[in-house]
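Right, one structure below, let's go through it.
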Amino acid sequence: MSNNKAFIILFLFLIMGASVFSQSTTNSPYSKYGVGILRAQYFSQNFGMGGAGIGLRSDRNIGIQNPASYSGITVTTFDLGYTNNALWLDDGTETQYQNNPYIDHIAFAFPMVKKVWGMSFGALPFSNVGYQFDEVINDPIAGDVSIFNEGEGAINKAYLGNALAFKLDSTSLISFGANTYFLFGSISRDQKVIFGDLANSFNIWQTEDISVSDFGVDFGVQYQKSFVNTKEDKFKLILGATYGLSADMNAKRTALTRTFTGNIDFGTIKDTAEFIDDVDDVLQLPSELGFGVSLEKQNKWLLAIDYKASNWGSVASNDPLITFKSNYSLATGIQIIPKYDGNNYFQRLAYRVGARYATSHIAVNNIDWSEYGITFGIGLPIRKSEFSYPRLNLGLEYGSRGTIDSGLIKEKFLNFNLGITINAVWFRKRKYD
């Protein structure tokens, strides 16, 4: 394939991804707070392993979780992922079901200098907002107050990463990498407060629109040690660490507060209490530190575990109902290939299982919660050709987030993930006799 055609295809895929990621892909009440529901920052292979990936390094899989891994890529690699999120909401008295399908990443990686310099770029969702719910509060003076909440939007992430590897000796190396990313997107919120028990009262209608566009950076390092035992089995141990810088992302904010009479379906505007038009604002992101380790027996099995800590406690909240709090997450996974070069197709599949756990980075009315997920996955090689080696990755995750304490919502989810990874020789010219 010519260079021009290849880069046109890359450009078209990224443009498609930017438009798809802009859609709201959640129905979670927790997306009302902060920047919304934070999306997983990993790809389909990691999905089946509980999301672990800081200590993973592959010559044929893109490891966005640690940019230092890009130097291990040995062929042009394309990765596309799709997720279907089935969500059950429980407030302690009734349950509601929602379904949300979405494209979760598009990415490419290239060996610029084989086993020395690797590059990757792509796009994926950073966070999503999507909710519609109402609540009734009994006020000792105003009586029953009905509050109607609605919001939608997304913040997306486009990244460009590079990594360089340095050989320490014949069995070990160290690699350094960095991702420069661009966050862009918008969030809209709408809230109506109706004082149903107060005669001649003015109700309140508040709308807010926030758009984000700014750059950030994160860094990674990996140390790899290879060794062989007495049976000539090849093993690989990798230690990884990542650090994401805190950032004040540039944003624009428009807000409107009006009073009205009537109800949520039909009302008459009375006055404008506040109007803020496209003023400069800041979206704060915390620093994040991560550690990962993996141990692999070549073409047989792979173990990985990650730990990450995010300093959300340093982020200020403009909402009196919520506070940001520093949190941590754990992820672990295993991959087994029964017989990599076996004649039986099912022996050549990659079987994966994993688990993850995270504390919440937000407390609502001083109530916080945790989130967990149990994952299963399988990697299926597809018939390869001279110039490409495609694989399908299937993953399933069952998990829970939230709590029904103090009027909050308990969420249970079932995520199905489908990814395709294509390793291709795009820039090699065919030879003819």
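Scanning the stretch 266-282 for residues that are of a type outside the set (Val, Ile, Thr) and more than 36 Å from the chain's Cα centre (by Cα) gives Phe266, Gly267, Lys270, Asp271, Ala273. Among the residues of the stretch 87-103, those identified as in a loop (DSSP other than H, G, I, E, B) and among the acidic types (Asp, Glu) are Asp91, Glu94. Give the stretch 100-129 a look and list any residue that's buried (at least 21 other Cβ atoms within 10 Å of the Cβ), within 12 Å of the chain's Cα centre (by Cα) and not aromatic (Phe, Trp, Tyr), or say none. Listed by number, the residues that qualify are Asp104, His105, Ala123, Leu124, Pro125, Ser127, Asn128. For Gly81, indicate whether it is over 25 Å from Arg189 (Cα atoms), out of contact with any Pro (no Cβ under 9 Å at 6 or more places or on another chain), in a loop (DSSP other than H, G, I, E, B) and touching a residue at least 24 places away in the same chain (Cβ under 8 Å). Against the criterion (over 25 Å from Arg189 (Cα atoms), out of contact with any Pro (no Cβ under 9 Å at 6 or more places or on another chain), in a loop (DSSP other than H, G, I, E, B) and touching a residue at least 24 places away in the same chain (Cβ under 8 Å)), Gly81 does not qualify. Here the condition is being exposed (fewer than 15 other Cβ atoms within 10 Å of the Cβ) and over 29 Å from Leu80 (Cα atoms); of Ile322, Ile404, it holds for Ile404 alone.
Could you tell me how many of the residues in the stretch 62-76 are more than 14 Å from Val293 (Cα to Cα), buried (at least 24 other Cβ atoms within 10 Å of the Cβ) and either without any contact (Cβ under 8 Å) to a residue 60 or more places away in the chain or not aliphatic (A, V, I, L, M) (or both)?
Our first condition is that a residue be more than 14 Å from Val293 (Cα to Cα); within the stretch 62-76, this holds for 62, 64, 67, 70-76.
Next cut, buried (at least 24 other Cβ atoms within 10 Å of the Cβ) only: 62, 64, 67, 70-73.
Filter once more, keeping what is either without any contact (Cβ under 8 Å) to a residue 60 or more places away in the chain or not aliphatic (A, V, I, L, M) (or both): 67, 70-73.
Going through the stretch 62-76 one residue at a time, the tally reaches 5.
Scoring Asp265 on the criteria (1) within 30 Å of Ser69 (Cβ to Cβ); (2) of a type in the set (Asp, Glu); (3) not in a strand (DSSP E or B) leaves a single failure, condition (1).
Among the candidates Leu89, Leu80, single out the residue that is closer than 21 Å to Pro390 by Cβ and hydrophobic (A, V, I, L, M, F, W, C).
Details: Leu89 fails: closer than 21 Å to Pro390 by Cβ.
Only one candidate passes the filter, namely Leu80.
Pick from the stretch 341-383 the residues that are under 30 Å from Ile422 (Cα atoms), assigned to a loop (DSSP other than H, G, I, E, B) and not basic (Lys, Arg): which of them is modelled with the highest pLDDT? If we take residues in the stretch 341-383 being under 30 Å from Ile422 (Cα atoms), assigned to a loop (DSSP other than H, G, I, E, B) and not basic (Lys, Arg), then Leu349 is modelled with the highest pLDDT.
In the list Ile147, Ile194, which residue meets the criterion of being touching a strand residue (DSSP E or B) at 6+ places or on another chain (Cβ under 8 Å), more than 14 Å from Gly36 (Cα to Cα) and surrounded by fewer than 16 Cβ atoms within 10 Å (Cβ to Cβ)?
Working: Ile194 fails: surrounded by fewer than 16 Cβ atoms within 10 Å (Cβ to Cβ).
One residue alone meets the criteria, Ile147.
The single condition from (1) among the aliphatic types (A, V, I, L, M); (2) at pLDDT below 95; (3) under 15 Å from the mean Cα position of the chain (by Cα) that Ile54 fails is (2).
Residues are listed down the side, and each one gets a yes or a no for (1) in a strand (DSSP E or B); (2) without any contact (Cβ under 8 Å) to a residue 60 or more places away in the chain; (3) hydroxyl-bearing (Ser, Thr, Tyr); (4) more than 30 Å from Asp144 (Cα to Cα):
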site: Leu239; (1), (2), (3), (4): yes, no, no, yes
site: Tyr243; (1), (2), (3), (4): yes, yes, yes, yes
site: Arg253; (1), (2), (3), (4): yes, yes, no, yes
site: Arg258; (1), (2), (3), (4): yes, yes, no, no
site: Phe275; (1), (2), (3), (4): yes, yes, no, no
site: Asp280; (1), (2), (3), (4): yes, yes, no, yes
site: Gln284; (1), (2), (3), (4): yes, yes, no, yes
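The values are calculated or read from the model by the stated rules, or taken from the named source; none is laboratory data. Note that the structure is a prediction, hence the values are computed from the model and not measured. Every residue, glycine as well, gets a Cβ built from its backbone with ideal geometry; the counts of neighbours run over all protein chains shown.
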